[in-house]
2 protein chains.
Amino acid sequence: MDIAALREKNPDHWMKAAAIRALTLDAVAAANSGHSGMPMGMADVATVLYEKHLKFDAAHPQWPDRDRFILSAGHGSMLIYSLLHLVGDAQVTLDQVKNFRQMGALTAGHPENFLLDAVETTTGPLGQGIANAVGFAMAEEMQRAQYGKKVVDHHTYVIAGDGCLMEGISQEAIGLAGRHQLGKLVVFWDNNNITIDGTVDLSDRTNQVQRFKASGWHVQEIDGHDPEAIDAAITAAKKTKKPSMIACKTHIALGHAAQDTSKGHGALTDADQMKAAKAQYGWTTGPFEVPADIKAQWEAIGARGATDRTAWEERFAGLSQQKQDRFNRAYALDAPKRLSATIKALKKQVSEDQPKVATRKSSEMALEVINPIMPETVGGSADLTGSNNTKTGDLGMFDTDNRKGRYVYWGIREHGMAAAMNGMALHGGVRPYSGTFFCFTDYARPSMRLAALMKIPTVFVMTHDSIGVGEDGPTHQPVEHLAICRATPNTYVFRPADTVETAEAWEIALTSKDTPSVMALTRQNLPTVRTEHKLANLTAKGAYVLAEAEGKRQVILMATGSEVETALAARDLLQAQGIGTRVVSMPCMELFAEQDEAYRRKVLPAGAVRVGIEAAVRQGWDQWLLGERAKPGKSDFVGMDRFGASAPAGELFAKFGITAQHVADKAQALLG
Amino acid sequence: MDIAALREKNPDHWMKAAAIRALTLDAVAAANSGHSGMPMGMADVATVLYEKHLKFDAAHPQWPDRDRFILSAGHGSMLIYSLLHLVGDAQVTLDQVKNFRQMGALTAGHPENFLLDAVETTTGPLGQGIANAVGFAMAEEMQRAQYGKKVVDHHTYVIAGDGCLMEGISQEAIGLAGRHQLGKLVVFWDNNNITIDGTVDLSDRTNQVQRFKASGWHVQEIDGHDPEAIDAAITAAKKTKKPSMIACKTHIALGHAAQDTSKGHGALTDADQMKAAKAQYGWTTGPFEVPADIKAQWEAIGARGATDRTAWEERFAGLSQQKQDRFNRAYALDAPKRLSATIKALKKQVSEDQPKVATRKSSEMALEVINPIMPETVGGSADLTGSNNTKTGDLGMFDTDNRKGRYVYWGIREHGMAAAMNGMALHGGVRPYSGTFFCFTDYARPSMRLAALMKIPTVFVMTHDSIGVGEDGPTHQPVEHLAICRATPNTYVFRPADTVETAEAWEIALTSKDTPSVMALTRQNLPTVRTEHKLANLTAKGAYVLAEAEGKRQVILMATGSEVETALAARDLLQAQGIGTRVVSMPCMELFAEQDEAYRRKVLPAGAVRVGIEAAVRQGWDQWLLGERAKPGKSDFVGMDRFGASAPAGELFAKFGITAQHVADKAQALLG
């Protein structure tokens, strides 16, 4: 690259972009860790975007109608930290930049939404950002349809690298954005032809332009170091009604000895090479020093949106009070006041009617009363609408001609769905829930983990939660997935036993502000076990005594979901023999673990033998079976220790010994 | 569709295909479960493929040079069962067809490779089959380069549906096949425009033809019910040097009242509608009855390959004895005899040299001695070659002009990589291992589960296995992934503590015939803890006493991987205070659980207090801390109970309390 020519052609632009490059070099060198090359390559695109297009106000990073900027190539985190520092973000001080990747710094290795207000989403695992962005753009369309473009009218910009585009999830995102013609989504592809292992050609020769066009995108190809071309491309992208991809030909680690090499992808820390690069840039100040005039120009960019924002506030104030309240309530993730009473009413009704339905149907019954009073909910399914029971009558299908639709047909795209749901939740104003089969948690897993890490209340509705799936066989029968979800920090895993518990689980999930929920629901019908109406949300305790022992308590049976019925039947067998048996329903282990010792002791007192029952692997159960005052050697577990099989569900439960008789036998054997 | 016209035009073909349709209808109706529409839609394609192209001998379903047929749209399992029954497969008797999806039947809900010899791979989770197929085709190229096309020269055929193509993994597969110009891979796309939720248009408008072309595929579009067009397309696909996609316009549930609807996707069981469909087909026999002449025609197809096979056997016999032995040994998954001595020699050397290296480097050291003596190994990485340490000097890069290359640059495609590795293992003749960061197990998870379910010894090399990752932060720091892998049945999860244990783990992984292995390896350097050479593979016991208590044994510390060093240091602290402390290294919990009670008691005797140490969540540890003769209330765990953070690794271990001092303090607290 002829850096001198670039400098001369657009000196003002050049120095603003050079500030990003210099800060990146300095911060990565100080940390002796990180990725220098990407911010150095994409500095020009980012500079033009921030200077001329991005609607934002650095002093109010969470202004709802801001444009969203998503760094899908999250390893280039110094790009976003440089930008935020330069525009005057209150959190990203120079000290923070100097402490890049150090203990306690807000400038973490990869951008983290829960550390910095101006970071829209946590990226790093590749392909997530571009798929989050689909959710952001969908949420914008939905909100715009509901509140009008005077208060909701913003773009979602994404920087994605070759890694993002090679990950399969990108195809799911591209397909969704194309299908829904998300015209306010603009993706910059950092087309630098370099991956960690070498040139892209080592592993891929896909024509990305053709690929995006195949899914209905507007595509442009530009020189990613030409500010005029960048500006023109963004202008064109904003005009088209299609989602836009701008292929930006860039040089990774521009101007550095490692330019255009895979070495340039990583941490560039050689002092002489840094000096030489800065000399090329015409950057003469010391480490972390941004000349005052350049900083001032950047701060002016950061302040540029203040007028827009105040004008927006006036327009927002023009909405009816009801609309303002609804908007603010949804952004604050506050559930409507009526939710609690609505859930209680459903519980009361159900405890009287005692329907025998699958909990996936119970979930639908809950949603039927919730959705009408929570206009912020957005439902969907990965092509299993009739199986997941996620669509209620009032939602309407989200489509190009029905942006008010609150139900998304995600297609066979569990991963893209989960990531887009996260994007919706992060955008704000909507509460996404969507479903697939519990076994296909596997496909959505990277995004489910990120929901937990990002502290967002995405709800994953996972039906067909055990061998109860039946004839579809082991590929479709989860056995380890409850353990997987429970192993993940900050995740509520609900496995309700009936409609009452399901309604309670929904109440918790929809009032959660910073924890995602997994609803593990049955395919097969279950009886109502909560036949006595209680106002209190017992599921919120995680576990509770569902049936007390008659006579001396000798046995405690603990179960979740469909196995609560089994536990109750086993209790009948044991009580018939005069063996006092308590049944504990345990719909959410995480919440039970959060209870105080006194409550846990009340539910799981010492003395009795214990049997845990769950049509899944034992992992995760030992804390209740062996810990918590359990008698040594006096506990057992009835569940799965292998993959399932293909056969009618009832036969499978018998084959694998998940029966009341087997439970009763185990309890008796423990009693000796 | 004008079924009558189809019948008249090609009556012989028609009746053969009708046999598939009729058997499908009957079997699904008998099971009252399954998917009728797909086999009915793709029967013509399958019939032409089997009759005119597929190289196979029904009497020898595992003949190594057969063409591979993969039903990626695995829910259409009755297609494959019908075909196998019709051609005279010994396993798929009429009784098996009648027992479709029933307890104990080989005709499981989805095709399972471990039940039927002629089923190449287990499908059902969508997109897996097409990605497996990439591995099959790569393995074929590799074997052909090694043994010559006289003994290895076959195609891989795939039927994929819209679901397969919407799943992100398909893009990874398409990109890989295009990059490597896998000319012997032929994918039939069942272009029926129907998904479970409705028409494809509900969720996708991607131009699939353009999409495949963008990745360098040869694409044809045909009427999937026209046998001549199908024949011509397959002939053309076999000629091109590119991977081929044949878009077959089909009608789901052809000829049935549910044709072209999403209802047609599922189980069609209405007796009158079945009757009407069969009448349209001109199918007049009763349920499960195939007219003798039609069965005979199909059996002739099944026998057609016998000549090819015997000719192949003669050609194979012409190979040098050494080559024959190597070929047979690799297909039998027998490790070379020298492997054991080679591992022992490395262990001896290492216990003398006592290198302080990361276990990812230890793994490379093991591979450096293994790869030269195991020509069947194939290594790779998802764009982290230098980090995963999976490439040894002798492998060579697999490429279009170097099919002998044994190292694959998979690109940023963890999922496609894992599925293609499975395909390689299923193909036979090669032993695949490849790497990514342990945290990105998440991306590969659906295929890792299938490796376990399919009983194949794929090796997943997962480096950067804890907060030891350091500055990259929580998105890159696994905490729950050991628990996830351990929760999965039939999976060995190795977390070796040093080079000796790593070499032992490799020996187990490469002699395993039916269990996949996960190698969880550190980024950071670790000391050699196995300083005393032992011939026996101690890792094969799962856990063993690494350091015995001096004096009375009061404490047992159990640890894996990098925390074994911590345990040894804690032991020093405790012993310095006169507290006798045993250290148990536990590189593989699954293998330890398999040992007999006597051995487990020897390693974990009653009496002492116990502390488990692992930089990960506790889930999975309680069986050793609370069970196995543990003293009630006298156990503790030092590990992670939340996500990690961004900082240098040493600081993170201190922050999260994973230190020798903390371990010693906990042990002392337990002693009281």
statement: Residues of segment A:472-492 being assigned to a helix (DSSP H, G or I) and more than 21 Å from the chain's Cα centre (by Cα), in sequence order, are A:ASP472, A:PRO474, A:THR475, A:HIS476
field: Candidates B:GLY627, B:GLY644, B:GLY650, B:GLY612 - the one that is within 14 Å of chain A (Cβ to nearest Cβ), of a type in the set (Gly, Ala, Ser) and touching a strand residue (DSSP E or B) at 6+ places or on another chain (Cβ under 6 Å)
entry: B:GLY612
task: Taking the residues in segment B:93-118 that are among the acidic types (Asp, Glu) and either touching a residue at least 24 places away in the same chain (Cβ under 8 Å) or crowded, with 23+ Cβ neighbours inside 10 Å (or both) as candidates, determine which candidate is farthest from B:ALA451 (Cα to Cα).
output: B:ASP117
- request: Kindly indicate whether any position in segment A:85-92 is in contact (Cβ under 8 Å) with a residue 24 or more places away in the chain, touching a Lys or Arg at 6+ places or on another chain (Cβ under 9 Å), within 14 Å of another protein chain (Cβ to nearest Cβ) and under 21 Å from A:LYS278 (Cα atoms).
  value: no
- request: Being on the phi > 0 side of the Ramachandran plot and either modelled with pLDDT under 95 or charged (D, E, K, R) (or both) narrows it down to one of A:ASP383, A:ASP308, A:ASP325, so name that one.
  value: A:ASP383
query: Quick one: B:LYS391 ticks every box in (1) charged (D, E, K, R); (2) at the interface with chain A (Cβ under 8 Å from one of its Cβ atoms); (3) surrounded by fewer than 24 Cβ atoms within 10 Å (Cβ to Cβ) bar one, so which box is it?
result: (2)
- prompt: B:ARG629 passes all but one of (1) at pLDDT 95 or above; (2) touching a Lys or Arg at 6+ places or on another chain (Cβ under 8 Å); which number fails?
  reply: (1)
statement: Given (1) buried (at least 24 other Cβ atoms within 10 Å of the Cβ); (2) under 26 Å from the mean Cα position of the chain (by Cα), A:GLY41 misses just (2)
- request: Scan (1) under 30 Å from the mean Cα position of the chain (by Cα); (2) farther than 30 Å from B:ASN402 by Cβ for the single condition B:LYS213 breaks and write down its number.
  value: (2)
message: over 25 Å from B:GLY129 (Cβ atoms), in contact with a Ser or Thr (Cβ under 9 Å, 6 or more places away or on another chain), surrounded by fewer than 24 Cβ atoms within 10 Å (Cβ to Cβ) and of a type outside the set (Lys, Arg): which single residue out of B:ASN10, B:ASN32 fits that description?
response: B:ASN32
query: What are the residue pairs meeting all of these: first residue in segment A:354-381, first residue without any contact (Cβ under 8 Å) to a residue 40 or more places away in the chain, second residue among the acidic types (Asp, Glu), Cβ atoms under 6 Å, and 6 or more apart or on different chains?
result: A:ASN371/A:ASP394; A:PRO372/A:ASP394
Residue that is farthest from B:ALA452 (Cα to Cα) [pool: residues in segment A:439-478 that are more than 7 Å from every other protein chain (Cβ to nearest Cβ) and in contact with a Gly (Cβ under 7 Å, 6 or more places away or on another chain)]: A:VAL461
query: Counting just the residues of segment B:479-514 that are out of contact with any Asp or Glu (no Cβ under 9 Å at 6 or more places or on another chain) and within 14 Å of another protein chain (Cβ to nearest Cβ), which one comes out surrounded by the fewest Cβ atoms within 10 Å (Cβ to Cβ)?
result: B:ASP514
- request: May I ask you to verify whether B:GLY76 is closer than 26 Å to B:ALA232 by Cα, within 14 Å of chain A (Cβ to nearest Cβ), crowded, with 23+ Cβ neighbours inside 10 Å and at pLDDT 95 or above?
  value: yes
query: Does B:LEU538 count as surrounded by fewer than 24 Cβ atoms within 10 Å (Cβ to Cβ), in contact with a Phe, Trp or Tyr (Cβ under 6 Å, 6 or more places away or on another chain) and over 24 Å from A:ARG486 (Cβ atoms)?
result: yes
- prompt: Across segment A:125-149, what is the total count of residues that are touching a strand residue (DSSP E or B) at 6+ places or on another chain (Cβ under 6 Å) and free of Cβ contacts under 8 Å to residues at least 60 places away in the same chain?
  reply: 1
task: Filter the helices (runs of 4 or more DSSP H) completely within segment A:182-299 down to those with at least 2 residues that are surrounded by fewer than 21 Cβ atoms within 10 Å (Cβ to Cβ) and within 14 Å of chain B (Cβ to nearest Cβ).
output: A:208-214
- prompt: Among the helices (runs of 4 or more DSSP H) confined wholly to segment A:564-672, which include 2 or more residues that are surrounded by fewer than 21 Cβ atoms within 10 Å (Cβ to Cβ) and of a type outside the set (A, V, I, L, M)?
  reply: A:589-594, A:597-603, A:649-655, A:660-671
- request: Filter segment A:128-152 down to residues that are over 18 Å from the mean Cα position of the chain (by Cα) and charged (D, E, K, R) and give me whichever is nearest to the other protein chains (Cβ to nearest Cβ).
  value: A:GLU141
field: Neighbours by Cβ (under 7 Å, 6+ apart or cross-chain): first from segment A:592-608, closer than 22 Å to A:ALA505 by Cα; second modelled with pLDDT under 95 and not in a helix (DSSP H, G or I)
entry: A:ARG600/A:GLU628; A:LEU604/A:GLU628; A:LEU604/A:ARG629
- request: For residues that are outside any helix (DSSP H, G or I) and within 27 Å of B:TYR81 (Cα to Cα), tally how many sit in segment B:300-330.
  value: 2
field: Cβ pairs under 7 Å, 6+ apart, first in segment A:214-234 and within 21 Å of A:GLY175 (Cβ to Cβ), second assigned to a loop (DSSP other than H, G, I, E, B) and of a type in the set (D, E, K, R)
entry: A:GLY216/A:LYS242; A:GLY216/B:ARG205; A:TRP217/A:LYS242; A:HIS218/A:LYS242
query: Taking segment A:153-169, which residues are more than 7 Å from chain B (Cβ to nearest Cβ) and of a type in the set (Gly, Ala, Ser)?
result: A:ALA160, A:GLY161
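The values are calculated or read from the model by the stated rules, or taken from the named source; none is laboratory data. Worth saying up front: this structure is predicted, and the values here are computed from it rather than measured. Every residue, glycine as well, gets a Cβ built from its backbone with ideal geometry; the counts of neighbours run over all protein chains shown.
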